[in-house]
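Trainee: Encoded as structure tokens, here's the structure I'll be asking about.
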Amino acid sequence: MLDRYGRNIDYLRISVTDRCNLRCRYCMPEGVELVPMQEILTYEEIREICAAAAKLGVRKLKVTGGEPLVRRGCAELIRMLKTVPGIEQVTLTTNGVLLGKYLPELLDAGLDAANVSLDTLDRERYAAITGQDALGAVLESVDAALASGLRLKLNAVLQKGVNDDEWFALASLARDRALDVRFIELMPIGAGKGIRGVANTELRAELLRRYPELEEDAAVRGNGPAVYVRVPGWKGGVGFISAMHGKFCDRCNRLRLTAQGRLKPCLCYGDAVDLMPLLRGGAHGTEREALLCQALEDAVASKPAQHCFEAPERVTETARMADIGG
Ligand code: SAM
Ligand code: SF4
């Protein structure tokens, strides 16, 4: 699907649940209200939406959340999505706590790759950032996933004065492991508003100072906006997703589907096409499919040229990142 700025939209991110087993302070702090399960898309509804999206040219799906692995049967959803005609790749974004446990099922379902979010390598700090003493489980999951041969990326969000001193230790995970480590700039969405992040430009400059032989890695990996560098001798790459200090909207290729069935043209704005009335309104068969396709086309047609994170007062999205899926 081409939008009005000529961008090809071939990627859909799907938040399958608003629930999570962690409480990252910039995403889903303690005390948040959860949505009743009947207001959350069923797996069959998600499959239907993906089938319509695939008809229109979507080729890649990302299963995210909340924490997707806390929803029962997540591997079965991935198996269903892998059989949707036209879909070439289904990947997962997870905090990794349950990844080790479900890895055999996920691999059997055909999962193509996983991103694991990891902001610190310090056990106490992990508990302070996420509300759970779960670093050990995440590191075990990472090892198990690597050993299985699953393609893996680690995503880190740095907060000023909280974990920014660990950026090099985190980046160095790519030295001896065949995985990419990516730094995602903190965005002023939901609980992230008002928390100070770190500019990727600083990290990149510091990495270049330490490794003057640093190489830009032009190979496109995965679905989107990360820019990679390669430190000669390291097994994996280091990536930067720089929504705040390196706008990549001209390359935007995605729609987002929230757990409650809102189809979001852009992360930054509250505008969305609500699929729930359509899905639960009684339309069947070809009429239902046509309505879904029209809704997807409407969402693509209303994609804005760019986000406005540089002016947080103009950000109109009020949902939490855990509802949107990141
Ligand atoms: N629970 C899964 C996980 O943590 O990977 C998937 C959902 S989580 C919302 C997806 C990603 O969004 C995580 O890497 C998380 O660090 C990131 N994230 C959450 N809030 C953010 C914010 N305000 N700015 C930037 N990234 C954020
Ligand atoms: Fe949960 Fe992921 Fe949000 Fe952390 S970033 S609270 S793990 S959804």
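The values are calculated or read from the model by the stated rules, or taken from the named source; none is laboratory data. Computed from a predicted structure; not experimentally measured. For neighbour counting, all protein chains shown are included, and Cβ atoms are generated from backbone atoms with ideal geometry for every residue, glycine included. We work out accessible area using only protein heavy atoms, side chains counted, and drop any ligands, DNA or RNA first. Shrake-Rupley method; radii C 1.70, N 1.55, O 1.52, S 1.80 Å.
Trainee: Please determine whether any residue of the stretch 60-83 is assigned to a helix (DSSP H, G or I), aliphatic (A, V, I, L, M) and under 15 Å from residue 263 (Cβ atoms).
Mentor: Among the residues of the stretch 60-83, not one is assigned to a helix (DSSP H, G or I), aliphatic (A, V, I, L, M) and under 15 Å from residue 263 (Cβ atoms), which makes the answer no.
Trainee: Further, regarding this structure: Within the stretch 135-158, take every residue that is closer than 27 Å to residue 245 by Cα and within 12 Å of ligand 2 (Cβ to nearest atom) and give me the one that is surrounded by the most Cβ atoms within 10 Å (Cβ to Cβ).
Mentor: Only one residue fits best here, namely 157.
Trainee: Name every residue in the stretch 48-98 that is β-branched (Val, Ile, Thr) and within 16 Å of ligand 2 (Cβ to nearest atom), in order of residue number.
Mentor: Matches in the stretch 48-98: 63, 64, 70, 91, 93, 94, 97.
Trainee: Okay, moving on. Which of the residues spanning the stretch 283-319 are touching an Asp or Glu at 6+ places or on another chain (Cβ under 9 Å), open to solvent by 40 Å² or more (accessible area, probe 1.4 Å) and assigned to a loop (DSSP other than H, G, I, E, B)?
Mentor: Within the stretch 283-319, 302, 305, 306, 316 meet the criteria.
Trainee: Please determine whether any residue of the stretch 23-34 is at pLDDT 95 or above and among the aromatic types (Phe, Trp, Tyr).
Mentor: Scanning the stretch 23-34 turns up no residue that is at pLDDT 95 or above and among the aromatic types (Phe, Trp, Tyr).
Trainee: Of all residues in the stretch 180-211, how many are of a type in the set (Gly, Ala, Ser), without any contact (Cβ under 8 Å) to a residue 60 or more places away in the chain and within 16 Å of ligand 2 (Cβ to nearest atom)?
Mentor: Going through the stretch 180-211 one residue at a time, the tally reaches 1.
Trainee: If you check every pair at least six apart or on different chains, which have Cβ atoms under 9 Å apart with a residue in the stretch 233-244 that is in contact (Cβ under 8 Å) with a residue 12 or more places away in the chain and among the aliphatic types (A, V, I, L, M) first and a residue that is within 16 Å of ligand 2 (Cβ to nearest atom) and outside any loop (DSSP other than H, G, I, E, B) second?
Mentor: Listed by first residue and then by second, the contacts come to 238/182; 238/183; 241/155; 241/182; 241/183; 241/184; 243/184; 244/197.
Trainee: Can you tell me which residue in the stretch 125-134 is farthest from ligand 2 (Cβ to nearest atom), limited to those that are part of a helix (DSSP H, G or I) and touching a residue at least 60 places away in the same chain (Cβ under 8 Å)?
Mentor: 129
Trainee: Sticking with this structure for a sec: Quick check, is residue 93 touching a Ser or Thr at 6+ places or on another chain (Cβ under 6 Å), under 22 Å from residue 188 (Cα atoms), hydroxyl-bearing (Ser, Thr, Tyr) and open to solvent by less than 30 Å² (accessible area, probe 1.4 Å)?
Mentor: yes
Trainee: Identify all residues within the stretch 99-124 that are within 14 Å of ligand 2 (Cβ to nearest atom) and either in a loop (DSSP other than H, G, I, E, B) or within 17 Å of residue 171 (Cα to Cα) (or both); write none if there are none.
Mentor: 115, 116, 117, 118, 119, 120
Trainee: Looking for whichever is within 16 Å of ligand 1 (Cβ to nearest atom) and surrounded by fewer than 16 Cβ atoms within 10 Å (Cβ to Cβ) here; the options are 68, 36, 29, 104. Which one fits?
Mentor: 29 is the lone residue from the list that is within 16 Å of ligand 1 (Cβ to nearest atom) and surrounded by fewer than 16 Cβ atoms within 10 Å (Cβ to Cβ).
Trainee: Residue 130: under 19 Å from the mean Cα position of the chain (by Cα) and hydroxyl-bearing (Ser, Thr, Tyr), yes or no?
Mentor: Here the answer is yes, as residue 130 does meet what is asked.
Trainee: Picking from 268, 308, which residue would you name as being touching a residue at least 60 places away in the same chain (Cβ under 8 Å) and either in contact with a Cys (Cβ under 6 Å, 6 or more places away or on another chain) or over 21 Å from residue 57 (Cβ atoms) (or both)?
Mentor: Exactly one of 268, 308 is touching a residue at least 60 places away in the same chain (Cβ under 8 Å) and either in contact with a Cys (Cβ under 6 Å, 6 or more places away or on another chain) or over 21 Å from residue 57 (Cβ atoms) (or both), namely 268.
Trainee: Let me ask something additional. Checking residue 168 against (1) away from ligand 2 (no atom under 16 Å from the Cβ); (2) assigned to a strand (DSSP E or B); (3) aromatic (Phe, Trp, Tyr), which single condition isn't satisfied?
Mentor: In the conditions (1) away from ligand 2 (no atom under 16 Å from the Cβ); (2) assigned to a strand (DSSP E or B); (3) aromatic (Phe, Trp, Tyr), residue 168 misses (2) alone.
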